[in-house]
Each structure stands twice: as C-alpha cells, then as structure tokens.
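Following: one structure in structure tokens, then a few remarks.
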Amino acid sequence: MLPAEVSLKELPLRPELLGQQPYGAPQLDVAVQLNVNENPYPPSSQLAADMAAAVQASARTLNRYPDREAHQLRSKLARYLGHGLLSDQVWAANGSNEVMIQLLQAFGGPGRRVMTFTPTYSMYPEYARDTLTDLVTVPRRPDFTLDLPAAWEAIEALQPDVIIVATPNNPTGTSTPIGVIERLCRASRGIVVVDEAYQEFSRTPDNTCLRLLDHYGNLAVSRTLSKAFAFAGGRVGYVATSRAIVEALRIVRLPYHLSTVTQAVASVALDHAADLLAHVAELRQIRDDSILVLRQLGCDVIDSDANFCLFGQFADRHAVWDGLLRRGVLVRETGPAGYLRVSTGTAHEMQQFFVALTDLLNRQPGILLGRER
Ligand SMILES: *Cc1c(COP(=O)(O)O)cnc(C)c1O
C-alpha cells in the first residue's frame, strides 16, 4: 500500500524516467509567439464554419466508435500527396509524433537501435526512450548537412533497425537531398523514416522523398497537418510508405486511436488545401525576407527550408531569449549552443520581433559574436 499523498519517488517508476522532465517549450501568454513553428494564420471564417458543420454532423454518431482505419481521411491524404499514392499506402495518427512512436513500437524495441543525425528534433530521443529502443546518433557536418560517409560507416557498424532523418531538419532548417536518402535506403535493411514535417515550406517542395516510394519498401515518409495546414491543434500526422509497413502500424496502433471528430475536421482541412497552401507561399517569402533582415543585423543565419530559422551566434543566448521575452516576443532556446530559433510569423509579427531584437542588440552590442560595428 502507498499513502494517498504519494510522491513520484516512491512509485515503481522505470528508473530511466527518474528526474526526467515532460517535453515542451514554455507555453507563455506573450503577444508575439514565434517558438513552436506554428502557422500564424488561423482558419478562415469559411473553413471554420465548414469545420463546425463537420463536427455537428459527426456529433450525431459519437455513440459509435470511429472508423478504425480512417478510410476517408487516408484517401484524401493520399490524393493530396499525389505521386500515384493510394490510401493503403498512407497511415494517419494523432500528430506525426504518434506516427513515429508507432513506427518504433513496430520496428524498434528492446535490443534494437534507432539512428538519428544530430542536431535534430528533440523528440526523437523520447520516442527511443519510450519504446525501449537504443538511440545512436551520428553528428552532422559543421554546416548541418548530413555526413553521408559517416552515416554509411555507422550503418555498416551498427545495423540500425530504424533510421530517422528530418528533412527539412528541425532546428536547423537544412534539407537533405533525396539522392542522399536514397543511399541510406540502399545501405540499410532497417526502416528509413524521413520526417518531412516542413516539406511544404521548402524552396524546392517537389524535391520530396515521396518520389522514392516506388523503389524502396523500407522507406516511410512522415508528414503532418500541424504546420503547412495550420492544424496543430487538430493533431493529425500521417505517413506514406509501403503497404507492408502500413500493415505493421495497424498491428501496434491502439484501437480507434483517431477520433471521429478528428477525422471529420481533418478531412475538411484537406478540402481547403489550396487556400491553406496559399498562406504557405506567403510564409516562405516572409521567411526568406526575415533571413535577409537578420543577416543585415549582423546575425549568422542558417539557410532554411522550413518555417523557422536558426540565428546567432550569441555569447549568452539565454539572455537574448529573455530580453526578447521581456519585449513581448517568444522564440525558442534550442539547437546548437549560441543559436536561437525563430518561427516565421506574419509580416507584422516579424516586424515586432525585429524591433525587439534591434533594441536588444543596440543596448548589449557585445552579446552578438563577430558583429562588425
Ligand atoms: C513539428 C514537427 C513535427 C510535427 O509534429 P505533430 O505531432 O505532427 O504536431 C514532426 N517532426 C518535426 C521535426 C517537427 O518539427
């Protein structure tokens, strides 16, 4: 027996979870929120009305479980992706986070290895930990591109069961050419998961690993509605892959994992794809303009194919993060030492960010390393 006021330390928690903190950027009530790569444009009134109508219709069936296989949603996702994909090559879950944990539940596990290329998405170590999969990391080159010879050597030596490559990468924004991914697919008998969460924001959006699906049965290309589709709160991610990998994911998924409401509302978002992607084109332009402005301010900025960029280098990045926060702008303290990550907001939000940053740099000129004054 344990007392009602039990503390975590007294519970039979898995030892590797002791002292761990829940994942997540601070959710602060700040005017300009540029910290978690959300799309700054809310749904239009028309889209919101169509979503509300879909919720109303599905509300009448909520006594029943949802379509376990999410047939309609998967066929709409397949149609959106194109490349001749059919619904049985697409799988959806509550965010691509859930898709990726399902991939590791199916192909990772005790005694197995997952390989990633650092610096990269901070959730990958958590998926590994939560599925008891060993994590092995291969460092990227100094310019954050993937080091193919090092990757090859590590694959040969460690024979990972799963390889995860984020392209465009978070937090660097760096793309990996599809020719490089193709080499990984050839070099490995494990599953190669390409996390294309930001692909729609790429300067070359058609340069997608979806093109490789016809050739490699061990490839899984993960996408999400959270970023380009401005649907972060709706929680839908998906993966395009071989039919055999979809079969594996169906074995490990929880029954009825994707609610009727989620499926209905996501379907409506896909019906509005053209409008939503028009905003993506605007955001690409704002990103490119923002990178130029940051460079004019003397910052080192990593070229980005995503809806954010990494900028620095700061003698004390926490002080810069904090100084921006005091001026009403929230960015993310993540990635390589000395850098901060800023998401692409509206032009107005970026203006507020630049005003705050300029003021901060004028007051503390020494904080930006290597700045010519
Ligand atoms: C934002 C992001 C995702 C998307 O996560 P969801 O669970 O779909 O919201 C996936 N991968 C990377 C690298 C991301 O940055």
- Note on the structure: Magnitude of the Cβ-charge dipole (Lys and Arg +1, Asp and Glu -1) of the range 167-208 about the Cα centre, nearest 20 debye, reported as 260 debye
- Query: Using the alpha-carbon centroid of each, what span in Å lies between the range 59-133 and the range 305-334?
  - Reply: 31 Å
- Ignoring ligands, DNA and RNA, what accessible area per residue does the range 62-275 give at 1.4 Å, in Å²? 40 Å²
- Item | Of Leu361, Leu258, Leu283, the one that fluctuates the most in a GNM where the chain has Cα springs shorter than 10 Å | Leu361
- Determine the calculated [θ] at 222 nm for the chain from helices alone, applying -39500 (n - 2.57) to every DSSP H run no shorter than 4 residues and normalising by the residue count; nearest 500 deg cm²/dmol. -12000 deg cm²/dmol
- Message: Can you compute the modelled spin-label distance between Glu282 and Tyr65, with each label point 7 Å from Cα toward Cβ, in nm?
- Response: 4.2 nm
- Where both partners of a DSSP beta bridge lie in the chain, what percent of those bridges are antiparallel, to the nearest 5? 45 percent
- Note on the structure: Of all DSSP beta bridges with both partners in the range 62-275, the antiparallel percent, nearest 5, is 35 percent
- Message: Using 0.36 nm times the number of residues separating Gln159 and Val355, minus their current alpha carbon distance, what extension gain do you get?
- Response: 65.6 nm
- Gln46 versus Ala337: modelled label distance in nm, points set 7 Å from Cα along the beta carbon direction: 5.2 nm
- Message: Sort 133-145, 81-93 by the packing proxy (mean of other Cβ within 10 Å over each peptide's residues), most packed first.
- Response: 81-93, 133-145
- Message: What would the Debye equation give as log₁₀ I(q)/I(0) for the range 62-275 at q = 0.08, 0.13, 0.18 Å⁻¹, counting only Cα atoms as equal point scatterers?
- Response: -0.25, -0.68, -1.34
- Note on the structure: Expressed as a whole-number percentage, the relative contact order of the chain with C-alpha contacts under 8 angstrom and at least six residues apart is 22 percent
- Efficiency by 1/(1 + (r/R0)^6): what FRET value for Arg326 and His215, r their Cβ-Cβ distance, R0 = 45 Å, to the nearest 0.05? 0.30
- Item | Additional length obtainable on full extension of the chain from Leu18 to Ile367, 0.36 nm per residue less Cα span | 122.0 nm
- Query: In the range 200-304, carbon and sulfur make up what percent of the accessible area (probe 1.4 Å)?
  - Reply: 51 percent
- Under DSSP H, which helices of the chain have Cα atoms covering 20 Å or more of the helix axis and a Kyte-Doolittle average no less than 0.0? 45-59, 273-296, 347-363
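The values are calculated or read from the model by the stated rules, or taken from the named source; none is laboratory data. Since the structure is predicted, the reported quantities are computational estimates derived from the model, not experimental observations. Note that we place each Cβ from the backbone using ideal geometry, even for glycine, and neighbour counts take in every protein chain shown. Surface accessibility is based on the protein's heavy atoms, side chains included, excluding ligands, DNA and RNA. Shrake-Rupley method; radii C 1.70, N 1.55, O 1.52, S 1.80 Å.
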